[in-house]
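Data first, discussion second: the structure below is written as structure tokens.
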Amino acid sequence: FVTNVSNTIPISGSNYGMMYYSESGGGWVYYTNPASGNLSVGTGYLLRHTTDAAVSVSGTLNAASTVVNITMAANGWNCIGNPFPCSIGVRADATTTDNFLIYNASSLDPSFAALYLWDEPAVRTSGVSYYKIICNAGFTSSTGREVLDQAYMQPGQGFIVKAKTGGGTVSFTNAMRIHENTESYLKSAKASWPGINLIVSSTSKSASTAITFHANMTRGLDITYDAGLLGGDPAFKLYSRLVEDNGVNFAIQCLPDNGFENMRIPIGFDFKDGGAITFSAEIVPLPAGVKAILVDSLLGTSTDIEKSSAQYTTNVDPNTSGIGRFFLNIFKSAPTTPTIPTTSFVTTIDDRAISIYSNNDKIIVKGKIISTTYANLYSITGKMVKCYILEPAEINILPANGLPTGIYILNIFGNGINKNEKVFLTGE
């Protein structure tokens with residue numbers, strides 16, 4: 001295959017423009033001259049070509065259900081591929097009897113139970129890994145930055161999956177097969193779930209992460225729907241953490257379309273160079289009455305990203321990495337976004353009229369809140385651990401369950417209030 005003249009696979013030095021994925025080695029490995037060995041049924045490969053051109057494979061067509069071993073010796077990523085000379089159903093909305101994701105979910109890492117396809121643009125940036133995702137989430141956006149709206153996998157297509165701890169096998173069954181025509185196999189005709197494609201840009205780079213909503217989703221891990229992040233630009237990444245954080249960076253997060261109380265989504269951002277950045281969003285209309293506010297906890301600013309052409313521009317330090325500064329607050333109401341001063345303010349409400357105290361794993365804020373106000377809870381070391389929206393009321397009860405016993409600081413800000421108070425939580 002690799003030396004077939006008609007396939008015109010390039011060679012540079014001793015390296016052919018063809019690679020296999022080494023899970024134990026943690027990456028792609030070139031085939032070298034002289035090439036030897038056989039292509040394996042159900043295995044995926046990466047090809048490089050100098051121009052658009054077809055390659056030819058000859059031999060006996062595979063008609064049998066195929067079982068492929070996937071390993072977790074190192075990073076758990078394995079490159080496999082559709083072994084049939086026809087399309088297969090890969091997603092829950094496929095019309096096939098079996099579909100790949102649901103059939104094989106128990107063999108995949110729960111946080112990465114998706115298919116990752118290499119999708120390189122015409123102009124490639126060195127060092128960037130261009131993977132897009134097929135999962136069961138029904139969110140699509142016009143930018144198409146993360147999600148491939150695709151229920152079927154064409155013949156011969158390779159893709160990446162991540163094995164669960166201990167590895168296992170995945171199966172391509174005959175019941176996954178379907179004869180799709182070329183016009184229909186790439187796209188599903190279903191309307192997108194409500195959602196947010198959050199985008200961050202610098203002068204030369206851009207990245208995004210998707211948040212979407214559906215009645216059957218949860219605040220925790222929804223297997224085959226939430227999809228962890230693979231690839232991207234290592235020097236410029238955007239991702240989210242689950243509301244019920246499991247420590248994994250997600251490219252796609254699915255959430256319920258109800259129960260929005262204290263729904264705070266940590267937004268992670270990695271930017272090696274640092275500098276000016278701008279957040280914007282593409283919105284597929286959210287459930288009625290639901291608002292999405294981008295919070296910069298460092299500067300105490302809030303931006304309603306649903307507003308037409310809404311943007312938030314700020315600066316970040318070199319080697320910025322991880323979560324803790326940016327959050328998406330999701331809630332059901334229609335507050336106005338307050339102007340929140342960062343250094344000085346004019347007090348229009350007597351802070352002393354607001355009292356703050358704790359009761360086991362709850363924080364009680366007593367005092368007249370006349371319009372929607374915000375509160376951040378910090379550990380004694382200064383790390384923000386929760387973010388709240390205070391409703392107009394005499395008393396707001398803020399849940400703080402799940403936090404270790406200790407002293408915390410609650411900062412209430414907005415609408416002329418800026419008050420800090422120590423509270424002791426028992427963690428009960």
request  = Distance from a point 7 Å along Cα→Cβ of residue 48 to each backbone N in the range 154-175: keep the residues under 20 Å and list them by number.
outcome  = 158-160
task = Assign unit charges at the C-beta atoms only (+1 for Lys and Arg, -1 for Asp and Glu), then state the dipole size of the chain relative to its Cα centre in Debye, rounded to the nearest 20.
result = 340
key: Carbon + sulfur, % of accessible area of the chain - ligands and nucleic acids excluded, 1.4 Å   = 50
task = With runs of 4+ DSSP H residues as the only contributors, calculate the mean residue ellipticity of the chain at 222 nm using -39,500 (n - 2.57) per run, divided by the residue total and rounded to the nearest 500.
result = 0 deg cm²/dmol
task = Anything over 19 Å Cα to Cα? Flag those among 368/419; 383/422; 386/422; 237/307, in the order listed.
result = 237/307
ask   = How far apart, in nm, are the 7 Å Cα→Cβ label points at residue 321 and residue 206?
value = 2.7
ask   = Which aspartates and glutamates have a Cα lying under 18 Å from the Cα of residue 272, excluding residues fewer than 8 positions away in the same chain?
value = 233, 317
ask   = How long is the gain from residue 15 to residue 56 if the chain were fully straight, where each residue apart is worth 0.36 nm and the alpha carbon distance is subtracted?
value = 12.8 nm
remark   = Heavy-atom accessible area per residue of the chain, all protein chains kept, 1.4 Å probe, expressed in Å², is 47
inquiry  = With a 10 Å cut-off between alpha carbons and a GNM built on the chain, which of 93, 52, 273 moves the most?
reply    = 52
query = Per q in 0.12, 0.16 1/Å, what log10 I(q)/I(0) does a Debye calculation on the alpha-carbon atoms of the range 16-116 return?
reply = -0.50, -0.89
query = residue 63 versus residue 378, label points 7 Å from Cα toward the beta carbon: distance in nm?
reply = 7.0
query = residue 123 to residue 272: FRET efficiency via 1/(1 + (r/R0)^6), r the Cβ-Cβ distance, R0 22 Å, to the nearest 0.05?
reply = 0.60
task = Using the 2.2 N^0.38 Å rule of thumb for compact globular proteins, work out how the chain stacks up: its C-alpha Rg over that value, please.
result = 1.13
inquiry  = If I stretch the segment between residue 171 and residue 368 completely, what's the gain in nm (0.36 nm per residue apart, minus their alpha carbon distance), one decimal?
reply    = 64.9 nm
ask   = Excluding the sites themselves, what is the longest stretch of the chain that contains no trypsin sites (Lys or Arg not before Pro) in a DSSP loop with at most 12 other C-beta atoms within 10 Å?
value = 1-123
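The values are calculated or read from the model by the stated rules, or taken from the named source; none is laboratory data. In this text the structure is predicted, and so the values were computed from the model without any measurement. Glycine gets a Cβ as well: all are built from the backbone with ideal geometry, and neighbour counts include every protein chain shown. Side chains included, ligands, DNA and RNA excluded: accessible areas come from the protein's heavy atoms. Shrake-Rupley method; radii C 1.70, N 1.55, O 1.52, S 1.80 Å.
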